[in-house]
Each structure stands twice: as C-alpha cells, then as structure tokens.
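To keep things clear, I will list the structure first and then write my remarks on it.
Coordinate-derived values only; no laboratory data. Please read these numbers as outputs of a predicted model, since none were measured by experiment. With ideal geometry, Cβ positions are generated from the backbone for all residues, glycine too; neighbour counts draw on all protein chains shown.
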Amino acid sequence: MSVHEFEVLSDPVRRRILELLAVRESSSGEVCAVIQAEFGITQSAVSQHLRVLRDAGFASVRREGTRRLYAVREGPLRDVDLWLDRFRWLWSQSMEALAVELDRGRSQRRRAQPEPGDEG
C-alpha cells in the first residue's frame, strides 16, 4: 500500500462516490445526479473524480449499451484496511471502555426504577 490510496480517499466527493458504489453498481449519470445535488459541482468535475477512482483501481467501469456502469473494486480498500489493522487496537480499547460505561449506565437506571407495585 502506498500513500497514493490515502490521497485518493482524502477527497470527500470521491469518498461519497465510493459509498454510492458500495451499495450498488451505478451509471455515471446516476452518480452525477447524486453528487451534483449534494456537492453542487459540475458533471465534468464528477467525471474527473470517477476517472481518478478508476485509474487508482478503486472503481471499475463497464459499458452497457450507451451507459457506463461503475462499481467498487475491493483491492485498494482491502489494502487500506490491512494497513489500518495495525492501529485498530487504539480504538478497540476505547470501544471496550465505552461498552463498560454503557453497561454501567443501564445497571444504574434499572436500580433507580421502582419495583412493580411500589408507589413510593
């Protein structure tokens, strides 16, 4: 994995495009409509972002008639995930501590609730 993957993912438009493509394969027109509505950029700018994702291997494209259909490719995302794996312990400990605090809060709320039949 190289820094290049993070450069590609650093752009919020490209991250949003990947989110869309992770749900389902989409035509360039479908992607453009969503991205233009959310980010207010031109069709040409969206096309440029799609090209960057394709050139970096994050997205694939295939023709279906006159449409170009884009889909997520897992390779680069898997590489990023593997690289991040060495740091997961940092937030795993925080998540475990959060779970303990949530359990403690639930226990305190249960103890604070009156028993059925107790009118106080």
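Overview of values
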quantity: Within the chain: Cβ-based charge dipole about Cα centre, in debye rounded to nearest 20 (Lys, Arg +1; Asp, Glu -1); calculated: 440
quantity: Largest-first principal axis extents, alpha carbons of segment 35-120, Å; calculated: 72, 35, 24
quantity: Per-residue Cβ neighbour rank within 10 angstrom, fewest leading, Asp79, Asp103; calculated: Asp103, Asp79
quantity: Among Arg15, Arg73, Arg106: highest mean-square fluctuation, GNM of the chain, C-alpha pairs under 10 Å; calculated: Arg106
quantity: Helix-only mean residue ellipticity at 222 nm for the chain, each DSSP H run of n ≥ 4 adding -39500 (n - 2.57), per residue, nearest 500; calculated: -21500 deg cm²/dmol
quantity: Degrees separating the helix 88-112 axis from the principal Cα axis of the chain, which is the longest one; calculated: 40
